[in-house]
Amino acid sequence: MRSPLFLLLVLSLGLMPLGHAATAARTGAFMHFDGDWRVASGLPEKALLISLQGLANRTAPQLYIIHPPDFQWEITAPLFEFYQRKHGVQFTELKTADEALTRFAASAKGYVIWDPAVGASLNVAFTIAGLEDVVVVTPALVPLVEKHGLKKHEDLTGRYTGQTDAQIYTDAVNRYWARCTHDAIMLMGGHRGAVRQPAMADWGIRQKMFFHDLSANPVHAEELALEKRLFSELKPGSIVFGWHAYGKDTEEQHTTLLSSYGLKMEGLHNLPNLSFNCQFTFTPGFKFTNNHHVALDAKLTAEPKVYLSFVQSDSIGIGVWTKPGRGKLPFAWQVTMNWTKFSPAALEYFHESATPNDYFIGGLSGPGYMYPNHIPADRFPLLMKEAREMMATLDEHVMEIMDNSAADGNVGNTDLTKETVDRYYAAFPDVIGFINGYGPSRTRDLRDTRPMLSYDYYIDPRRPREEVAADLNELIALNATRPYFLLVHVRESNDVNSLVEIVKQLSGPTEVVPIDVFLKLAASKKTYTTRYQDPDEPKHFKGYK
Amino acid sequence: MRHLRFLLASLLLLPLVALAATSPFEGRWKLDRERSTALDGWHEWTLEVRVNGSQVALQHDMKWGKTELSATNTVDTAKAVALPDFFRVEQRHMAIYPAKGKSTPVRAAWLDAGRTLRVEADVPLEISQGETVMRLYSEYRLVEGDRELLLIELHSSRPRPLVYRFTKITAEK
């Protein structure tokens, strides 16, 4: 007769869930957003749901949002599929805000009301949301959230009526800044006025960031002074998430300013789902391997022809990656290296879907988007150490640099000073080389086997293709010495198919090569001049000194 | 006889005098973007032409977003000139720049009974391989009716001409 203990053991084994040794499947919820971000219609509900997302995702990845195919970030749907397939996440759809609140209202302790007539009040509300675990609502949405048991925590309507942004944010700093994280800050700018797209707010709420859209434009002296104070109080190496406010200042002004404090920019203001993405690591056993075409110590010899290489440096989540034709030409893709920390699944997705013609490079300028001519000398080494570590993780051998501090959009002065170039060569002894620019640029060097080349051409997606071909042929005709190294920057909204057609129209012996091959060839035969930023050249924005 | 010589001289000088005084080229001309080669790195282009004897001032007023730039090339149909800051309407997404400190030799002439202004320039440029020269050949042509100006520009280095059409927006000063 079997003993009772034996029987109990057998019974227990029989009741043990299948796959006990395996990790339990993750579950989560998702919602579809439409494209209506108008303050007068779709934005208030979206702001509520994004704030709810930040709270729901505080300790577990519970809510993911899929945006329409024409949203600036095109990867939300592919990444959603990736989470299901590679991470085994089982999602349930939530179709309405009411359903979302039914599921996640318990993540919130209340709500804060913002004033649609005072744009900055939304940012103040987001700050409060992160500190107090509340969702953000307009007065019209109060009944909905109260239906789910949430109580009013704060009401910003009337508090800031008639005040300037400088006054509003000064008040917010006095009330909330001390309790916010000082490792990061949320520049929730971008779209202003009738349309707002604060899709990154979930991340700022989860991380308890201070939200603002202060101006870095010197004409807004009070806002600039307050922003400088905030930047000076952030910890070294902190990240400014979000994006500058359209129409208030420029990308160039804001990135120049934060770079001068040794801070990093990570955009955009509408990058969604970071509160979800940050909680996934690479899948077990995954290791980044790049499509290297040459070894680090390889030596190549350039032939007497024109070598072209194409690079896209806007974040690959918003651009050509998902458009037709990728893989038909060698293409370099600048990777947002910080995504190793807060969106690793996205990086693994890009790696997984790379073709043999896709090659990943580091940038922009360092461990985040920065203008290196303005990075304080004493901050540079530590920042670039961080960049080297991320490049090692991502198996990248090329660093892309961009300094638009003196540029006028994508034209004008984008050169690096000699001091900056010296610092890069010292900080990156093991790269194949460097590339520089966004629009065309003229910083060039060759030290030992590492060239630094700038873009000789920038493809504006609106430029007629026959003129692009004529432009490239003109560059080929003017740069008559062979070999000629023609580095081309591809704006993110181009598509590779059109580039294939353009290449067919180029004159003479030409060859499109991957960027690592391009730089190795350029190292073998220096037909380009050595050049740095000339102090006499005009600067569109002269800086803050 | 003296009267005849005087009359003959007057008749010969009349076109030049007439051109200087009432040249239909003079005035402001706005680029018709729809009917022109695409600009690159500029959104708007207004051309102001002023004729003073043999000199023709070609003032280019350019816009790029909120940036405005005005530059004038004064050419001379009587003699070649060297312009220290020759302005070329560039395709600005190309790494081609004016060579620093270099003057541009420019030759100009009236053609077609004063209805075409030909401008030839040997423009010193900086490129990634150092310096080079672009031969620039331009014809500014008055279209019948004098309300449109056609600019055809050839580069020695470019396989396609650049063709710009302008519409007159003001009378001469």
- request: For chain A, calculate the relative contact order in percent as a whole number, restricting contacts to Cα pairs under 8 Å that are 6 or more residues apart.
  value: 14
statement: When the charge dipole of the protein assembly as shown is computed with +1 on Lys and Arg Cβ and -1 on Asp and Glu Cβ about the Cα centre, the Cα farthest towards its positive end, among A:Trp37, B:Phe166, A:Leu416, belongs to A:Leu416
Cα-based reach from A:Lys299 at 20 Å (exclusive), listing aspartates and glutamates while leaving out same-chain residues under 8 positions away: A:Asp395, A:Glu396, A:Asp430, A:Asp445, A:Asp448, A:Glu511, A:Asp516
message: As a test of the formula, what do you get for the protein assembly as shown when each DSSP H run with n ≥ 4 contributes -39,500 (n - 2.57) and the sum is divided by the residue count, at 222 nm and rounded to the nearest 500 deg cm²/dmol?
response: -8500 deg cm²/dmol
query: Ignoring ligands, DNA and RNA, what percent of the accessible area of chain B is carbon or sulfur (1.4 Å)?
result: 56
query: Accessible area of B:Thr74, 1.4 Å probe, to the nearest 10 Å²?
result: 50
message: Using each residue's phi in region A:462-479, evaluate 6.51 cos²θ - 1.76 cosθ + 1.60 at θ = phi - 60° and report the 3J(HN,Hα) Karplus result to the nearest Hz, with x for Gly and Pro.
response: 8, 6, x, 4, 5, 6, 4, 4, 5, 4, 5, 5, 5, 4, 5, 5, 6, 8
- request: Collect residues whose amide H, placed 1.01 Å from N in the peptide plane, falls under 5 Å from the amide H of A:Gly412; neighbours closer than 5 in sequence don't count.
  value: none
Dipole axis of the protein assembly as shown (+1 Lys, Arg; -1 Asp, Glu on Cβ), positive-most option in A:Gln207, B:Gly41, A:Phe80: B:Gly41
statement: The answer for the net charge of residues other than A:Asp165 whose Cβ lies under 9 angstrom from its Cβ, with Lys and Arg +1 and Asp and Glu -1, is -2
task: Would you work out which of A:Leu271, A:Pro284, A:Ile401 lies farthest towards the positive end of the dipole of the protein assembly as shown, given +1 charges on the beta-carbon of Lys and Arg and -1 on that of Asp and Glu, about the Cα centre?
output: A:Ile401
task: Check each of the trypsin sites (Lys or Arg not before Pro) in region A:112-157 and keep only those in coil by DSSP with at most 14 other C-beta atoms within 10 angstrom; list them in order.
output: A:Lys151
message: For a quick check of your reading of the filter: which chymotrypsin sites (Phe, Trp or Tyr not before Pro) in region B:12-116 sit in a DSSP loop and have no more than 15 other Cβ atoms within 10 Å?
response: none
10 Å Cβ shell holding at most 15 others, DSSP loop, chymotrypsin sites (Phe, Trp or Tyr not before Pro): longest site-free stretch of chain A: A:1-285
- line: One computes Rg over Rh for region A:192-309 from alpha-carbon atoms, with the Kirkwood Rh, and obtains 1.14
Accessible area (Å², per residue) of chain A, counting only protein heavy atoms and a probe of 1.4 Å: 37
field: Cross-link partners of A:Lys539 among aspartates and glutamates (Cα-Cα below 17 Å; sequence separation of 8 or more within a chain)
entry: A:Asp249, A:Glu251, A:Glu252, A:Asp403, A:Asp408, A:Asp415, B:Glu68
statement: Mean per-residue count of partner chain Cβ within 10 Å for A:407-415 equals 3
Cross-link pairs beyond the 19 Å C-alpha cut-off, checked among A:Lys287/A:Lys328; A:Lys109/A:Lys152; A:Lys504/A:Lys525: A:Lys287/A:Lys328; A:Lys504/A:Lys525
- line: On complex formation of B with A, accessible surface lost, both sides summed, probe 1.4 Å, nearest 100 Å², amounts to 2700
message: Treating only the Cβ of Lys, Arg, Asp and Glu as charged (+1, +1, -1, -1), what charge dipole size does the protein assembly as shown show about its Cα centre? Round to the nearest 20 debye.
response: 340
- line: Taking protein heavy atoms only, a 1.4 Å probe, and rounding to whole percent, the accessible area of region A:334-374 owed to carbon and sulfur comes out at 59
- prompt: Which of the residues in region A:479-521 show a loss of at least 30 Å² in accessible area from their chain by itself to the complete set of protein chains, at a probe of 1.4 Å?
  reply: A:Asn479
field: Cα-based Rg and Dmax for chain A, where Dmax is the largest Cα-Cα distance (Å)
entry: 25.4, 99
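The values are calculated or read from the model by the stated rules, or taken from the named source; none is laboratory data. Please read all numbers here as calculations on a predicted model, not as lab measurements. Cβ sites come from the backbone with ideal geometry, for glycine too, and all protein chains shown count toward neighbours. Quick note on the areas: whole protein, heavy atoms, side chains included, nothing else; ligands and nucleic acids left out. Shrake-Rupley method; radii C 1.70, N 1.55, O 1.52, S 1.80 Å.
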